[in-house]
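Scroll down for the structure; my scribbles are underneath it.
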Amino acid sequence: MQTIALADMDVRDFSQARRAAVDKAGDVLARPTIVAWKDDNSGKTAPEIPGGKGDRWHDYGESNEGVLELQVGKAYHFIFTDADGFTEPDMNLATLNDNGKTFLCLNDACTEEDKQKLGYFPGGGMGG
């Protein structure tokens, strides 16, 4: 898996870090899709793996076709796959829209905020 560190970025929160990660992933992948992530500040990870400790989120990302890891600032980590070859509709994907930027994530990698605020469309990969 390729790793890119955006260490010099001064990000204030998870949403800002995710936007930076999605933007950078778009430079490398045709259809970047978030597979897993970790927020060191809050201790949250996705997907949430019952009984999972340590780097289980990372193991999940690697074993689910993760091809790119982006480290944003000092506290945010994202693993992406490229959905370019995926057959649609893929019921495991959700399309998100954050400030006009549309991107994909695995359903388990979506935050509760995504589901409530950002135009969460479960299933179908591209809105349904």
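None of the figures in this text is laboratory data; all of them are computed from the coordinates on show. What you see is a predicted model, and the numbers here were worked out from it, not measured in a lab.
Whole-Hz Karplus values for segment 58-64 come out as 6, 4, 4, x, 5, 7, 10 Hz, taken residue by residue from phi with 6.51 cos²θ - 1.76 cosθ + 1.60 and θ = phi - 60°; glycine and proline positions read x. Dimensions of segment 1-99 from C-alpha coordinates, computed as largest minus smallest value along each principal axis and given longest first, are 36, 34, 26 Å.
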